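The values are calculated or read from the model by the stated rules, or taken from the named source; none is laboratory data. Note that this is a predicted model, so its numbers are computed, not measured. Note that we place each Cβ from the backbone using ideal geometry, even for glycine, and neighbour counts take in every protein chain shown. We work out accessible area using only protein heavy atoms, side chains counted, and drop any ligands, DNA or RNA first. Shrake-Rupley method; radii C 1.70, N 1.55, O 1.52, S 1.80 Å.
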Amino acid sequence: MQLLIAALAVVNLQLVVRVYDSAGVAPSDVERARASVGAILASVGIDPIWRPCHASTCSGPVKPHEVVLRFVRSSRSSARNSLGFSLVDVSQRAGSLGTIYTDRVRALATQAGVEEGELLGRAMAHEIGHMLIGTSEHSRFGLMRAVWVTNELRRDQPSDWVFSGREGAELRQRLEARTAPTQMARAFLGGQPFEDVCDY
């Protein structure tokens, strides 16, 4: 039993990410964004499993090991200067729906002179962080800070775009709690798995 527990501790947890794109993001930017999210989450021991969705697909309820990201354009009712937001039940410390305003991501990327797909991925990872940690609170530094400014984007300091050690541990702990039966079944059976504002 001790060997099994040790093995589970080093296995990356898997998170299914349903993505609904109603904004028409360029495939190359989506691919770059996925790579960015993958690297950020891998650094804390989480592997995203991408599931592109449309109105006629992904019809079932969101499962414990899943989150949903929507790509939309901002509207008059969208919070000013926001790149996106997540719906989080702070009493349950969990969320499953995040929204990214792709037109604002594009505008900020253009203003800062940075890769749009990379910035999109960082915004996606930020919202995934809120949904998994289950809070709308922000940190002072790193990926989970509330305000992203152009000079930080241009500087591209790696420490600005990662979860802190505490955040990484909490992400894993909460995802593990959501998916404990799934992870145990995978270990025994050897099968494969299946209001936040960012201002600038």
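Evaluating Gly191 against the criteria (1) modelled with pLDDT of 95 or more; (2) farther than 23 Å from Ser96 by Cα; (3) not in a helix (DSSP H, G or I) leaves one unmet condition, (1).
Looking only at region 96-111, residues that are within 14 Å of Arg73 (Cα to Cα) and open to solvent by 10 Å² or more (accessible area, probe 1.4 Å) come to 5 in all. When region 88-147 is filtered for residues that are closer than 18 Å to Phe163 by Cβ, in contact with a strand residue (DSSP E or B) (Cβ under 8 Å, 6 or more places away or on another chain) and acidic (Asp, Glu), only Glu127 remains. Every listed requirement among (1) among the small types (Gly, Ala, Ser); (2) modelled with pLDDT of 95 or more; (3) part of a helix (DSSP H, G or I) is met by Gly98 save one, (3).
Step by step: first the residues of region 112-156, then only those that are part of a helix (DSSP H, G or I) and β-branched (Val, Ile, Thr), then the one that is surrounded by the fewest Cβ atoms within 10 Å (Cβ to Cβ). Which residue is that?
Thr150
Only one of the numbered conditions (1) surrounded by fewer than 18 Cβ atoms within 10 Å (Cβ to Cβ); (2) touching a helix residue (DSSP H, G or I) at 6+ places or on another chain (Cβ under 9 Å); (3) β-branched (Val, Ile, Thr) is not met by Thr57, and that is (2). When we screen Arg93, Arg51, Arg34, Arg80 for residues that are more than 17 Å from Gln14 (Cβ to Cβ) and either of a type outside the set (D, E, K, R) or surrounded by 12 or more Cβ atoms within 10 Å (Cβ to Cβ) (or both), the only hit is Arg93.
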